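A.B. asks: Before I ask anything, let me first share the structure, which is written out below as structure tokens.
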Amino acid sequence: MGVGLGDQIAAVDVVEVVPTVEQYAYTFGGAAPLRRVRPGTALRLWSDDAFGGKLRAVTDLSSEKVDLRFVNPQSGPFHVEGAEPGDTLAIHLVSLEPARDWGASAHIPFFGGMTGTDRVVTLQDALPDTTYIYELDRARRTVTFAARFGDLRVDLPLEPMLGTVGVAPAGREVRSSLVPDRFGGNMDAPQVRAGATVYLGVNVEGALFSIGDGHYRQGEGEACGTAVEGAMTTTLIVELIKGGAPAWPRIEDDTHWMTVGSSRPLEDAWRIAQAELVHWFGELYGLHAMDAYQLLSQITEAPIANVVDANYSSVVKARKALLPPAQAYGGLHADLRRRALTL
């Protein structure tokens with residue numbers, strides 16, 4: 001872990017990065033670092049929406065405006081000094097603030113959870129290419145759903161999250177920013193929000209982490225394949241733990257221990273997340289795997305993150321209030337929460 005809290009407050013850097021379109025990354029791995037940062041650095045990052053800002057009105061159609069080779073633009077990657085394979089990268093999300101006054105969602109032909117796709121092939125026609133624009137009310141912290149085929153309007157609470165947080169994969173792989181896997185990536189987990197710490201295993205020198213795919217809100221499962229997609233200003237703190245790399249992404253917030261698995265079919269994604277939480281409970285509480293398996297069978301919640309990406313993602317979470325106090329990575333989450341208050 002990095003230096004102590006008192007030293008960190010005195011030494012903290014806040015780095016602001018607004019990438020140009022030419023600097024966007026569309027992969028995890030395979031992209032040159034945008035910047036080098038030291039562990040303990042606070043970053044304020046602007047990221048574009050999943051469509052690259054191409055859908056601005058309901059008359060803008062994805063089939064005409066969006067090139068699916070260039071979606072989910074990432075801000076990054078960032079080379080973290082001292083990060084080596086086998087280490088653990090901690091990304092603490094301090095705040096997520098919408099960077100535009102509107103967000104966009106769309107029914108994209110042959111994409112989504114309730115239509116035929118290139119992987120789930122049927123003889124049905126594509127669903128109609130339809131765009132929705134959600135107006136943001138900053139004072140009320142809402143986004144407004146407006147029906148396209150009726151008159152209903154609903155003000156929904158603003159609940160910002162990041163669809164993508166990830167590092168470069170192992171084995172020199174280059175993976176699309178549409179893919180979630182061991183390295184994180186396009187998990188689309190609503191739990192990746194302000195106040196959460198995401199732990200990722202480092203696979204390459206420097207870790208090379210990126211973020212993007214801001215959502216102003218999203219339902220569990222992201223059924224149609226798109227959330228309320230919006231540009232985001234994310235403030236985060238990056239920290240490095242030597243060794244201890246988790247096999248799959250872990251998330252900690254003030255109330256839950258969480259793990260994320262990504263695969264197809266969906267039950268395999270759940271199994272991965274469940275197994276990772278069993279292993280984590282072995283570290284947290286010194287539990288035998290069979291005891292952790294039994295305990296977690298009685299207390300876990302298992303929200304679906306997405307059923308639309310190249311891999312599906314499942315979150316398995318355990319409520320801290322049901323359990324004895326424990327610390328992950330030497331209490332790093334609580335330390336990062338305290339540091340966040342100084343920014």
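A.B. asks: Could you tell me which numbered condition Ser262 fails, if it satisfies all but one of (1) over 19 Å from Val192 (Cβ atoms); (2) open to solvent by less than 10 Å² (accessible area, probe 1.4 Å)?
C.D. replies: In the conditions (1) over 19 Å from Val192 (Cβ atoms); (2) open to solvent by less than 10 Å² (accessible area, probe 1.4 Å), Ser262 misses (1) alone.
A.B. asks: Just the residues that are over 30 Å from Asp129 (Cα atoms) and open to solvent by 10 Å² or more (accessible area, probe 1.4 Å), please, taken from region 202-234.
C.D. replies: Passing the criteria: Asn203, Val204, Glu205, Leu208.
A.B. asks: A further question on this structure: Considering only residues that are closer than 16 Å to Ser62 by Cα, β-branched (Val, Ile, Thr) and assigned to a strand (DSSP E or B), which ones fall in region 113-143?
C.D. replies: Within region 113-143, Thr130, Thr131, Ile133 meet the criteria.
A.B. asks: Additional query: For residues that are open to solvent by less than 30 Å² (accessible area, probe 1.4 Å), under 16 Å from Val58 (Cβ atoms) and in contact with a Phe, Trp or Tyr (Cβ under 9 Å, 6 or more places away or on another chain), tally how many sit in region 97-112.
C.D. replies: Here the count works out to 4.
A.B. asks: Right, another one. Please enumerate the residues belonging to region 271-302 that are part of a helix (DSSP H, G or I) and of a type in the set (D, E, K, R).
C.D. replies: Arg271, Glu276, Glu283, Asp291
A.B. asks: Still on this model: Within region 291-298, does at least one residue satisfy the condition of being within 19 Å of Ala90 (Cα to Cα), at pLDDT 95 or above and exposed (fewer than 15 other Cβ atoms within 10 Å of the Cβ)?
C.D. replies: No: region 291-298 contains no residue that is within 19 Å of Ala90 (Cα to Cα), at pLDDT 95 or above and exposed (fewer than 15 other Cβ atoms within 10 Å of the Cβ).
A.B. asks: Any residue that is under 25 Å from Asp137 (Cβ atoms) and not in a loop (DSSP other than H, G, I, E, B) - is there at least one of those in region 200-210?
C.D. replies: No, region 200-210 contains no residue that is under 25 Å from Asp137 (Cβ atoms) and not in a loop (DSSP other than H, G, I, E, B).
A.B. asks: Any residue at all in region 237-249 that's assigned to a strand (DSSP E or B), within 13 Å of the chain's Cα centre (by Cα) and closer than 24 Å to Pro169 by Cα?
C.D. replies: no
The values are calculated or read from the model by the stated rules, or taken from the named source; none is laboratory data. What you see is a predicted model; the values in this text were computed from it and never measured. A quick note on method: Cβ atoms are made from the backbone with ideal geometry, for glycine too, and the neighbour counts reach across all protein chains shown. We work out accessible area using only protein heavy atoms, side chains counted, and drop any ligands, DNA or RNA first. Shrake-Rupley method; radii C 1.70, N 1.55, O 1.52, S 1.80 Å.
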